[in-house]
Every structure is written in C-alpha cells, then in structure tokens.
Amino acid sequence: MTRSLAASLLAVLLLTAGCTSDFSPQSDLLGLRVLALVADPLELAPGEPVTIQPRSYVPPGSAVTGQSWTFCPLSAGAVAAYACAVPQCEVELAPAPDGSVTANPSAIIAGCLGFTGGAIPTSVPDQILTVFRYRIATDQGGTRDAVLQIPQWTRSPPANPNLPPVILGVEIGGLPAVAGLPAPALPPNGTLPVRLLIDPASVQSYVDAAGVARTETMTGYFYTTAGTFSAGITSGTDTTSNLEGTDLLPGQATAEVWVIALDLRGGQAVAGPFTVPIGP
C-alpha cells in the first residue's frame, strides 16, 4: 500500500466508524457517536509512542460506562472489518481516565514477533499500518466502535511527517464562537451560518509514493444536535455551512455544534462543542 493511500485510509476509516446506521443526514447527532480519534503524532518513527484522544458525543441522560482499546500490528482489511491479521499480536490497552490511550507500537511488535537487539527482518517493509480499535459504551445500552490506522516507520523516521490541520477559529452568525458561551440564536425555520477557518500555513505539500508532488485538501465536517446543516462536508480552508432550524423537537432550547477539520492524510482537529440557543 502506498504512503498516500495509507494516510487517506486513516481518515476514511475514522469517519466511517463514526457514521450512524439510519438515513439521517451525516451532520445530525441523534445518538452516541465517535466524532474523532485524534492521534499525536500522526506517523511514528521507530520506537516512538503515540497518544490517541477520542472525541465523542454522548446524548444527555446517558453516562459512559466503559471505554476500551486494542492494538494490532496489521489489519486484514475492509472486507474483514479490519480484524487483526496477526491475532497472536493483538493486545488490550488500558485507557487513561479521560479515555485516551498511549502506546509504543514498536515495542509491542518487537515483543510479539521476537525482534532481538533492535534488528528488523528484511521481510518487514519500511512502513506498516498499525491498527487501533476503540469502543465506548453507555448505561443506555449504546456502543460505538472506531478504527484508526497509524503508519509505523520501521527503520528511520519519516522525512516529511504529516502534521494536523490548524483551526484558526469558528464563527457562528458572523461572530467568533467560544466554547462555554452562547452563540447567536438559530431562528426556527431560519438559518445561521457556521464558518470554519483553517490556517493555510498548515496545508502541507508532499510527494506521494509514486513521486508525484501533491498538496493536502482540507475538509470540514459539521455536526449538530438540533436542526441540520445545509452541507455536512465542505472543502477548503475558509468554508461556511448553514445551520438550518428545521425539524426541531418541541421544547428544544439549544443546539450543540462541533466542527472537525481533516487533511485527508490522517490529520484532524476538533472545535466545539459550541452552544447555539434556539429562538427568534
């Protein structure tokens, strides 16, 4: 698998894992959802640890009862639901109190496959896609899984490592959005613009495995607990999607809004939740 394809797959896997199984718009948060698994770093040099932070939406009235992680050096692919291709090397990882996990894939792989003295067999490629699987459960019986593939370099650090996009800010109704403070109100049956600003300086140029020079494509994902977005997905460093005050439930007083930026090579950043009052 090429480096560019592997990194793109990382983002696709995560977003697919966060999708709901009904026919509601992708942007509508109607139940428990894994919104993102934010990894630092995005590509691993030999011996380098990684920390992954889950960002999930838990509906009001629900409480998280469990979060778990497993690690595998290599998956069997999409047709096998990313099952571990080397099950003898699959290990459970203990999450921190906030649900995040830190692991050293190089050490786990070496311990399982019996590498000695840091020697790596020639049969092992320069880069492999390690697999992290996350599960969250609530007291309402809901569970969600998310799968994240992280490139592990086996012999030397990546020459031009991928870095996450940088969100400069989010504007709601023309004003800077601040978590914990109410944004401008969403009128019932009206619209409210939500603008995502990504730092153009965080857009990286890179050379793919075929030797072709490319530039990252920044993508925004918009989520809401009330109403719906005119576009759940946008492309660019300065994009806007309208939050529409339609299909509101009786007595619904606020909407919680999240915005996620992705570079489609595995990098992602999360902003929110932002509280939007519903009213005239």
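Structural remarks
- Binned Cα-Cα distances of the range 166-280, short to long, each 10 Å bin given as a whole percent: 14, 44, 25, 11, 5, 1
- Here's the picture: charge each Lys and Arg Cβ at +1 and each Asp and Glu Cβ at -1 in the chain, and of Pro157, Ser241, Phe115 the one pushed furthest to the positive end of that dipole is Phe115.
- Just the protein heavy atoms count here, and of the accessible area of the range 73-207 at 1.4 Å, carbon and sulfur take up 60 percent.
- Lys, Arg +1 and Asp, Glu -1 on Cβ, resulting dipole of the range 150-280 about Cα centre, debye, nearest 20: 280 debye
- Förster radius 45 Å - calculated FRET efficiency between Asp199 and Thr246 (Cβ-Cβ, nearest 0.05): 0.90
- Selected from Leu248, Leu93, Leu181 as most flexible by GNM, with the chain as the system and alpha-carbon contacts under 10 Å: Leu181
- Pair Ser68, Val178: separation of 7 Å Cα→Cβ label points (nm): 4.2 nm
- For the chain, the Cβ-based charge dipole about the Cα centre amounts to some 300 debye (Lys, Arg positive; Asp, Glu negative; other atoms uncharged).
- The C-alpha atoms of the chain define a longest principal axis, and helix 3-17 lies at about 50 degrees to it.
- Nitroxide proxy distance, nm - points 7 Å out along Cα→Cβ at Ala81 and Ala231: 3.5 nm
- Take the chain with all the other protein chains still there, run a 1.4 Å probe, and you get 45 Å² of accessible area per residue.
- Among [x] 20.0; [y] 21.0; [z] 18.9, the entry derived from the coordinates for Kirkwood radius over Cα pairs in Å: [x]
- Relative contact order, percent, the chain [alpha-carbon distance under 8 Å, six or more residues apart]: 21 percent
- Each peptide in 263-275, 100-112, 76-88 was scored by the mean count of other Cβ atoms within 10 Å over its residues; highest first, the order is 263-275, 100-112, 76-88.
- ³J(HN,Hα), Karplus 6.51/-1.76/1.60, whole Hz, each residue of the range 162-169, x for Gly, Pro: 5, 10, x, x, 10, 7, 6, x
- Translational D in µm²/s for the range 75-157 (Stokes-Einstein at 25 °C, 0.890 mPa s, Kirkwood Rh from C-alpha pairs): 167 µm²/s
The values are calculated or read from the model by the stated rules, or taken from the named source; none is laboratory data. Note that the structure is predicted; figures quoted are calculated from it, not measured. As a convention, Cβ positions derive from the backbone with ideal geometry for all residues, glycine included, and neighbour counts pool all protein chains shown. Surface accessibility is based on the protein's heavy atoms, side chains included, excluding ligands, DNA and RNA. Shrake-Rupley method; radii C 1.70, N 1.55, O 1.52, S 1.80 Å.
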